1. Mark the label point 7 Å from the Cα of D85 along Cα→Cβ and return the residues of segment 1-41 whose backbone N is within less than 13 Å of it.
2. Got a number for carbon plus sulfur as a percent of the chain's accessible area, 1.4 Å probe?
3. Run through the DSSP bridge list for the chain and note the antiparallel percent, rounded to the nearest 5.
4. Just the number, please: percent antiparallel of the DSSP beta bridges in segment 1-135, rounded to the nearest 5.
5. Cut-off 10 angstrom, C-alpha nodes, Gaussian network model of the chain. Which of I187, I132, I249 fluctuates the most?
6. How high is the relative contact order of segment 78-185, in percent, counting Cα pairs under 8 Å that sit 6 or more residues apart?
7. Give the label of the value calculated from the structure for semi-axes √(5λ) of the Cα gyration tensor in Å, choosing from [x] 31, 22, 16; [y] 26, 24, 17; [z] 32, 19, 17.
8. What does the charge add up to near Y205, with Lys and Arg as +1, Asp and Glu as -1, over the other residues with Cβ less than 12 Å from its Cβ?
Amino acid sequence: MKPIITASEYASESTGPRPPVLLDVRWQLGGPHGRPDYEAGHLPGAVFVDLDTELAGPAGSGGRHPLPDPEAFGAAMRRAGVGQDTPVVVYDGGQGWAAARAWWLLRWTGHTDVRVLDGGLAGWTGDLSTQIPDPAEGDFRPKPGALPTLDADGAAALARTGLLLDARAAERYRGDVEPIDRVGGHIPGAVSAPTTANVAGDGRYLPAGELAERFTALGAGKSGEPVGVYCGSGVSGAHEVLALEIAGIPAALYPGSWSEWSADPARPVATGPEPQQGPVR
């Protein structure tokens, strides 16, 4: 199953015999809470899901957005009406990061029928609603581990033996700026691959062939070497994992990402535009 769905495809399925459960995951890094925008207008039937409290655990040693407790995540999904066998469609305000995070978590916990609305809210041309739905309780029971993950040691090893992609902006990868975490730079050996290159100007994912060309040029698919992704805190990295899936390339996610890695002064940090360039400190 494709991990994305167009607005027209969703509109058709929403009136069919198995309408998807629709989740609104509007969120911005450091921005205002998405709930007020949701209440001001959302796709009809969409249930709001809060990334910071329902799609992540409390910030701490595991990073700014560590994986949520599976049972707490399952309870949040059931409240939203998600069932074991119900299709799910997720959207956000258009950046795609938050929707991809929800997609990845559902897939990681064993849900097999979940897609991201390509282009997010901006791609929807139908009416919006201010009615807050009250869905029937779903029966989804999470079974974590359906998608691969990396911890800090695994990410460091993959950067040496396979391909580890850094999904953050290039200036953060280089260490030119670091607006959030303790120090700028990247995991030694990681390759810069900003998420902005996964999408067109309208926020929709590039075609599978173009994404495959992009990731092949970055070193993916060589002799079956494993691929991993990290970002700032495991949110935009999910966007990259989704783009890789569209391209037909499986990839593991390092959920703790740079927020976990950089918090430990004992871990090495490389700077500059190349994987090993610059002082490692």
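1. Zone members listed by number: 18.
2. Looking at the chain in its full context, I get 53 percent from C and S.
3. Close to 15 percent.
4. Close to 15 percent.
5. I132
6. Normalised by residue count, the contact order of segment 78-185 is 28 percent.
7. From the options [x] 31, 22, 16; [y] 26, 24, 17; [z] 32, 19, 17, the structure gives [z].
8. Overall, the nearby charge balance is -1.
The values are calculated or read from the model by the stated rules, or taken from the named source; none is laboratory data. If you're wondering where the values come from, they're calculated on a predicted model, not measured in any experiment. Reconstructed Cβ throughout: ideal geometry from the backbone, glycine too, with neighbour counts over all protein chains shown. Ligands, DNA and RNA are excluded from the accessible area calculation, which covers all protein heavy atoms including side chains. Shrake-Rupley method; radii C 1.70, N 1.55, O 1.52, S 1.80 Å.
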